[in-house]
Amino acid sequence: MERKPTKVTIIGAGAVGSACAFSIATQRLAAEIAIVDVNQAKAEGEAMDISHGLITMGSMDIHAGTYEDISDSDLTIVTAGVGRKPGETRLDLAAKNIAIARDIIANLKKYWRDGAVMVVSNPVDVITYLIQKESGLPHGRVFGTGTVLDSARFRYLLTTRTDTDIRNIHGFTAGEHGESQFAVWSSVHVSGMRLDSFCAKRGIVLDKEEIVKDTVSSGAQVIKRKGVTNYAIAAIVAELTGTVIKDRGSIFSVTSVLEDYYGISNVAISVPAFVGNTGVKGYLPYDFTEEELAKLRSSASQIRAFMDSLKI
């Protein structure tokens, strides 16, 4: 049987959406990339600019599109929304971006036929929940980047403090993509060795509270200096895109609507999940410590309370 060419549709041609398109193109992850934006000229310009570099990437169809492109896409990536301003939390964005998300939902209802939907727009937990619940798509088809970026920042900070190759450091953060997230310290190891043992043998003393604080504030620190975060999230989106397109079933701490995950339901937060061609294909019942489970439930409660205040 002839294989269908792979297609990705990106909704939003701002700093994040365009960086995502570029990252996906440079890694040659799809045969076709459609960029959709209310500013059609901006979408056209981004598509043209990336296409002019195809001599280094190979043949791809990169173009400005419309919502109708969703209908035959393997993956739809939602980046549209108002960006976070200095001093503003991700949750402060909710009221502004919910209206934008509902316009996208209306078009998903109209054009979606198959494929996964990845949410990048902040606050990603709230927007992911909203799109999953109001679109009527099968459970798990909608997921958000969640704490995958935070986990990358976490590992980067660990490598700077242990003078170790980042490829040898593993671990993740979970919960909200925001202030109530937490580091899953029980998951951290260096080339198979538990972090505490590694540090003891190397004479390294870590300030774990400082590392978590710096992880949580990393995005705000970048925004304070350059006004937006877009390169790292674009790299994460490309990695997740490859996972979906190639149906790898890789485990990432993405956000999706949970149904009785350690008793947590009716809220979208990040936990280890198997990601493939249909989005979240299942969850890893990770062996959290009791302290970590308490933090996960607390984060879920905080997000749920916030959404209740928004009547979502």
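Scanning the range 7-42 for residues that are of a type in the set (Ser, Thr, Tyr) and open to solvent by less than 30 Å² (accessible area, probe 1.4 Å) turns up Thr9, Ser18, Ser23.
Thr159 fulfils the conditions (1) touching a residue at least 24 places away in the same chain (Cβ under 8 Å); (2) in contact with an Asp or Glu (Cβ under 9 Å, 6 or more places away or on another chain) except for a single criterion, (1). From the residues in the range 104-151 that are charged (D, E, K, R) and in a helix (DSSP H, G or I), which one is surrounded by the most Cβ atoms within 10 Å (Cβ to Cβ)? Out of the qualifying residues, it is Asp125. Any residue at all in the range 162-183 that's over 30 Å from Lys201 (Cβ atoms), of a type in the set (Val, Ile, Thr) and at pLDDT 95 or above? No, there is no match, as no residue in the range 162-183 is over 30 Å from Lys201 (Cβ atoms), of a type in the set (Val, Ile, Thr) and at pLDDT 95 or above. Taken over the range 266-301, the criterion of being part of a helix (DSSP H, G or I) and under 15 Å from Thr255 (Cα atoms) is satisfied by Leu296, Arg297, Ser299, Ala300, Ser301. Listed by position, the strands (runs of 3 or more DSSP E) contained in the range 1-84 that have at least 3 residues being more than 25 Å from Val124 (Cα to Cα) are 61-64. Residue count for the range 267-296 under the criterion of being among the charged types (D, E, K, R) and buried (at least 16 other Cβ atoms within 10 Å of the Cβ): the result is 2.
Each row is one residue, and each column tells you yes or no for (1) in contact with a helix residue (DSSP H, G or I) (Cβ under 6 Å, 6 or more places away or on another chain); (2) modelled with pLDDT of 95 or more.
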| site | (1), (2) |
| --- | --- |
| Ile70 | yes, yes |
| Ser73 | no, yes |
| Ala95 | no, no |
| Ile98 | no, no |
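The values are calculated or read from the model by the stated rules, or taken from the named source; none is laboratory data. Small disclaimer: the values here were computed from a predicted structure and weren't measured. Please note: Cβ atoms are built from the backbone with ideal geometry, for glycine as well, and neighbour counts cover all protein chains shown. In case anyone asks, the SASA skips ligands and DNA or RNA and just uses the protein heavy atoms, side chains included. Shrake-Rupley method; radii C 1.70, N 1.55, O 1.52, S 1.80 Å.
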